[in-house]
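Please treat every number below as a calculation from the coordinates, not as lab data. Just so we're clear, the structure is a prediction, and the values are computed from it rather than from any experiment. Methodologically, a virtual Cβ is constructed for each residue, glycine included, from the backbone with ideal geometry; neighbour enumeration extends over all protein chains shown.
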Amino acid sequence: MLCGRADRLSREHVIPRWAARELGAGAVVEERSGTEHRLDALSVILPQVCVQCNTGWMNDLEQRTRPVLGPMLRGPALPALLDPSQQATLATWAVKTSLLLTHRKFTAQPGGWIPEGNLGWLHQHGRSAIPPPGARVWLGGIRPRDAATARNLSASAQAVCLIGTSGNPVAHVGTFSVGHVLFQVFCCEERNSALSSESETWLAPAGQFRSAFTLIAPSSVDITWPPHAVFATDAVPIVGERIQAPPPGFGDHAHDA
């Protein structure tokens, strides 16, 4: 599905095994896209990924991501300072993870559309840790309500498909958490990737989300994680509903030709 090769296929853990080990053996993934399910984190697997992708650029991306994301998963002992290169790595990994979670778990549901051109971009550019054109990724944190919740904090995934005025899908919004870390991903086909200032304003966190989300793609400055405000665990589903419609007029020109 990533490179088009159909020979020498392997299984890809969308939530990587090292993340599940960081969270503990009892970690589960919670899915939300109209319905709710719970399952073992290690069971979120793509069954048919070519060996060359799985052991090549995808493995390289995981290995670059692990030293940055790993210490954040169980919550900050100290604030983490992330430079633009580290943010780009996290953002690229977040786009890949959001698209593959959606492809694997939500394809038959209303939120299950993904811009497949982004997968091709990742295949070609994954080693350079550059998110697809037009991608926007925000980073947040999660605060468990009590010690028991903190010990069992696992992962969650939500998916929304944004529909343009023409009735066609124009963008994917994925919101997923791993441990204490929360990502929100917006991505679209490359033909729609030149976002206007109006679109940027539409997508930017506002109100209660402004101080709880930090933009990491694109980014050119160091940031500190976690942000000043973090989300309670039971607020995460609300976060996934932050963007329910595309910016006015976004993507519609692509269907006028």
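Worth pointing out:
- Charge tally around ALA91: other residues with Cβ under 14 Å, Lys/Arg +1 each, Asp/Glu -1 each, net +2.
- Between the amide H of ARG74 and those of HIS180, distances stay under 5 Å, these residues lying 5 or more places away or on another chain, with hydrogens modeled in the peptide plane.
- Built amide H within the under 5 Å cut-off of ARG143, gap 5+: PHE231, ALA232, THR233
- Linear extension gain, GLN63 paired with SER85, 0.36 nm per residue minus alpha-carbon span: 6.5 nm
- The slack between TRP18 and ALA204, meaning 0.36 nm per residue of separation minus the straight C-alpha distance, is 63.8 nm.
- In units of the rule-of-thumb radius 2.2 N^0.38 Å, the range 179-231 shows an alpha carbon radius of gyration of 1.27.
- For GLU116, neighbours were defined as the other residues whose beta-carbon sits under 12 Å from its Cβ, and their charges (Lys and Arg +1, Asp and Glu -1) total -2.
- Distance from the Cα centroid of the range 104-147 to that of the range 55-73 is 15 Å (rounded to whole angstrom).
- The packing ranking of peptides 78-86, 48-56, highest mean first, is 48-56, 78-86, where packing means the average number of other beta carbon atoms within 10 angstrom of each residue.
- In Hz, Karplus ³J(HN,Hα) per residue of the range 64-81 (6.51, -1.76, 1.60; θ = phi - 60°; x = Gly, Pro): 6, 6, 3, x, 8, 7, x, x, 7, 5, 8, x, x, 6, 9, x, 9, 9
- Burial ranking of peptide ranges 218-225, 138-145, 165-172 (average Cβ count within 10 Å, highest at the top): 138-145, 165-172, 218-225
- Fewest-first sequence of GLU190, GLU200 by Cβ atoms within 10 Å of each Cβ: GLU200, GLU190
- Alpha-carbon centroid distance for the pair the range 228-253 / the range 178-199, whole angstrom: 10 Å
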